[in-house]
Structures are given as structure tokens and as C-alpha cells.
Amino acid sequence: MHRNRGAATFAEDERWRAFGIRLRQWRRRAGLTQAQLGAEIGYDHTAVSKLEHGTRRTSPRLADRLDDLLAAGGELRTACRRAEDGAPEDAAAALPADWARPPLPDPPVSLVGPALPPGLSVWVPARLPDYGMLCPLHDAAGCAVPEPADLTALHAAFRAADPGTAPPLDPDTAHALTGLLAAHLRAGEAPTGPGNAAVEETLRVILRRLTARPTGPARRPLARLAAEYAHAAGALRMQDGRNATAMACFDRALSWSELAGDPATQVAALSDMSALARLDGDPAAALGYAREMARAAPDRHWAGAMSQIGQARAYGLAGDVRATVRHIARARLHLDHISAHDEADAAWLSIASMRLRVEAGAAAALRDAAAAADDLRLARRAVAAAETALALLAPDQLPSARLLFTVRVADCLLVARDPGAAAELLGPVLTAGGGVAGLPALVRHELAGLRARLTEHGLTG
């Protein structure tokens, strides 16, 4: 009897979670935050969050109000009725019709890249996790990645299979697709990286398979792969300075990671969305995305740290010194509580990697706040945080991040009124012949602010 009650409870939870997925979709389509929707129906944003995560039941009366308010055409009413009536899990969990739509339109065939970055097979990992990529079937179990030749053959077979008759995702194909994505991301760090057309083309194939398997246990690993590929496509677009298309990819990654129950990718996508808002000079939007990170994984200190440092960056951009310092302190407090339970969520969640993220974010937030307030003491704290972040990177680790942090240290030195040290540190970057245009977009953005400050000090020609 105990087993039966557990199975029934699980099925019931899945039905209400399916309702929550639909509610979140329609809320976002309406352009409302959780707080705004809550205000419309007389609920706090935390209650809306519980509805969207399926941890709070929805009454038929409330479902009717939500359906009318969000113009959902009866979809929320139907989902609530299915959950209330105990409809089969597959019926309740069917994907909304447009959820498998790719974030970007199909490109011309001539622009679809090869399965493996040409000449860069050295980037294919031997095992997962790698480059933050977990196996969609076995998480961080240490799965072996096929050899490059086998990987390419498995990828070709996956592309060629009929989505309607193909079997569920097998381990070898799952390892190949994940290892291939890690290879593309590693190749993207190189100055002559191959671009993102192949990543986006593979994402479309995954989505066709997901559309053909909208329910049942085969859905989760495909949704998780779709989330990882969409996030990677957005990261590569963002690196090239294509912010609008990057945002489209991150938004879809967020939906698929929620569908897969993958909080790490949810938070990573929200973090990048917050970064894009900062690039647009929109601290209010950056703050909103940063706050959503904590709601995506409310019981995880790593998510709390990323949320707090994201909020610090938004407040720094807005020139609010007190809020900037307060949120940096909260981020560092979360770091002190990260445990093995947190680190099991994703490969990039080691305490060292989280400290790197927090110190790099703290440096930028303190720099922006110090520049706005003309606060020399705060600027020196920014220099210390930037130097800490740079020191945490190994010499051969993440070359674009190393360049970004080097520029950030120099910029913090300028705000701290030490232009000589800044110019000495930045000499090789600023004198590189024709190299600036090929830098990642985030580095170019950082460099633009630094150049403006160098000009103020009369140090550029």
C-alpha cells in the first residue's frame, strides 16, 4: 500500500507540475513577472512561484481567473481539470504546441556547420562532465565520451533517424551529443572558433525528436539536451555580440530546463539574460533576472550566490553603493555554505568556480558603484576583488575569461586613480595589431569603458 500511495503522489505532483509549466509559459507570453501576476489575482509572488512549480494546487476558480487574465484560450482550465480529475500523467504532461519551436529560424543549408569543429578534435573530452556539461541520462557519473570518429557517426545517425520511429535516447548517443557540445564550446574559446551554426542545427534535430516524444520518460533527457544546446547557442551568439538572438536562445533554454527539472541550466540562462540587460544599460531588467535565479533553485546556496552577485551588478550599474555592497556581502555569505549537496547539481559548481564567479562579479559591481560615487576606497576594493578573480584562473584556463578579467583589473585601477599601473597592465591588449575586433563581445564592452577612462587620463592616442 505504501508503494501505491507513493506512486499516486508522484503522478499527482507531475500533473500539478504540468499545470505550473503551462502557467509559467502563459505568464511570460503576457509579459508579466510573478509579482505582477500575483498583484492581479491578490497573491504574493511566492505563491505564484509555488503554483508554477506545482507545489501548490490551483482551484478551478483560480484557474478560470488565470486563464481569462492571460488569454490562455482554455488551456489552463483544462490542465487544472486534468490534475483535479486524476487524468493520466501523459495527458497532463503533454507539451504546449509551440514549446518545441526553435529559437531561431532555419539557416540556408550553406551555413550549417560540420558536426565536429574542423581541425579541433583535440577539444573532444574523454569523459563527462566537461566544460560544465553533465550527461543528460547519468548526471555526473563520469560517463565516457566516444572517440571523435564514433562521435561523428553517432551524431550523423541521430540526425538521420525518423523522429517518429526512433528509439529513446541511448547512452552512447547521449554521451556523443553532450561531448560534441563541450567540444564546440571549447573551440569557441579559440581565436578562430568555428561559430555556432552546427550547434543550432543539432538543436533543431533534438527538438524534432522532442516533438515526437512529448510525454513519458523519454522526454526529460531530450528536454535537458535542448536546454543545454539552446544555452550554448546563446552563449556563442553573445560572444559574437549578437545580443538579440542570444536572448532568444536563453529564453528557450529557460523553458526547456524548467521542463527537464534542471535548475543549474535555468540559473545559468538567467545569469546570461541579466548580463545582456546590463550590456543594454538596463539595471532594472538585470535586477529582475538576477532575482529569478534564487527562485529557480530556492534551496541551493550556489543559486543564492549567483542571484546576489547578479543583484550587486545591477545595483552597481545604477550607482546604488549601499545596495551593491550589501548584496556582495550576501553572495560571499552563500559561498561559505556551499556543500557537496550543492555541487552535485552541475559540474561547474565547485566552491572554487563559484568563488571565481562571485569575485569577478564583485569587482565589476564595486567598480561601477565607485565610478558613480567617485569613491576611492570602494575602487580599491574593486581592484582587490578583480585581482583575486584573475588569480583564481589557471594560466591555460578560459583564455577569453582571462582577458576579460585582465581588462577589468586595469579598469578598476583607473577608477582607483592609478592610470600608470592600468596602462602597463593593458599595454599588450591595446597595442595588438587589428586584434580588438576579433575579441569576444563582453571583452570589447569592458574595453570600451576602459578606453573612455584612459582618454580621460590622456593615455590614449
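Numerical summary
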read-out: Test: residue in the range 424-440 that is within 25 Å of Leu376 (Cα to Cα), of a type outside the set (Asp, Glu), modelled with pLDDT of 85 or more and in contact with a helix residue (DSSP H, G or I) (Cβ under 9 Å, 6 or more places away or on another chain); value: yes
read-out: Residue pairs meeting the criteria (Cβ under 9 Å; at least 6 apart or on separate chains; first polar (S, T, N, Q), in the range 382-398; second surrounded by 17 or more Cβ atoms within 10 Å (Cβ to Cβ)); value: Thr388/Arg355; Thr388/Leu356; Thr388/Glu359; Thr388/Ala360; Thr388/Ala362; Thr388/Ala363
read-out: Filter result (under 18 Å from His184 (Cβ atoms) and outside any helix (DSSP H, G or I)) within the range 214-240; value: Asp240
read-out: Residues of the range 253-277 classified as polar (S, T, N, Q) and farther than 15 Å from Leu134 by Cα, total; value: 3
read-out: Which numbered condition Ala286 fails, given (1) under 27 Å from Leu222 (Cα atoms); (2) surrounded by 18 or more Cβ atoms within 10 Å (Cβ to Cβ); value: (1)
read-out: Conditions (1) within 13 Å of Phe19 (Cα to Cα); (2) modelled with pLDDT of 85 or more; number of the one not met by Glu89; value: (2)
read-out: Cβ-Cβ under 7 Å pairs, at least 6 apart or on other chains, the range 144-171 side without any contact (Cβ under 8 Å) to a residue 24 or more places away in the chain, far side surrounded by 14 or more Cβ atoms within 10 Å (Cβ to Cβ) and in a loop (DSSP other than H, G, I, E, B); value: Leu154/Pro146
read-out: Counted residues, the range 63-86 - those being modelled with pLDDT of 85 or more and either among the β-branched types (Val, Ile, Thr) or part of a loop (DSSP other than H, G, I, E, B) (or both); value: 5
read-out: Close pairs from the range 115-136: first closer than 13 Å to Leu177 by Cβ, partner part of a loop (DSSP other than H, G, I, E, B) and at pLDDT 75 or above, Cβ under 6 Å, at least 6 apart; value: Pro125/Val145; Leu128/Cys143; Leu134/Ala140; Cys135/Leu128; Cys135/Cys143
read-out: Set Arg380, Arg408, Arg402: member being modelled with pLDDT of 80 or more, among the charged types (D, E, K, R) and surrounded by 22 or more Cβ atoms within 10 Å (Cβ to Cβ); value: Arg408
read-out: Conditions (1) farther than 22 Å from Val325 by Cβ; (2) of a type in the set (D, E, K, R); (3) free of Cβ contacts under 8 Å to residues at least 60 places away in the same chain; (4) not assigned by TED's automatic domain parsing to the domain that holds Ala176; number of the one not met by Arg237; value: (4)
read-out: Any hit, the range 259-270, residues being in contact (Cβ under 8 Å) with a residue 24 or more places away in the chain, under 25 Å from Gly20 (Cβ atoms) and not in a helix (DSSP H, G or I); value: yes
read-out: Subset of the range 274-295 (residues that are within 22 Å of Ala264 (Cβ to Cβ), of a type in the set (A, V, I, L, M) and free of Cβ contacts under 8 Å to residues at least 40 places away in the same chain); value: Leu276, Ala277, Ala286, Leu287, Ala290, Met293, Ala294
read-out: Which listed residue, of Thr245, Thr265, is surrounded by fewer than 23 Cβ atoms within 10 Å (Cβ to Cβ) and hydroxyl-bearing (Ser, Thr, Tyr); value: Thr245
read-out: Given (1) of a type in the set (D, E, K, R); (2) more than 16 Å from Arg355 (Cα to Cα); (3) at pLDDT 95 or above; (4) surrounded by 19 or more Cβ atoms within 10 Å (Cβ to Cβ), number of the condition Arg313 does not satisfy; value: (2)
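The values are calculated or read from the model by the stated rules, or taken from the named source; none is laboratory data. Worth saying up front: this structure is predicted, and the values here are computed from it rather than measured. Cβ atoms come from the backbone with ideal geometry, glycine included; neighbour counts cover every protein chain shown.
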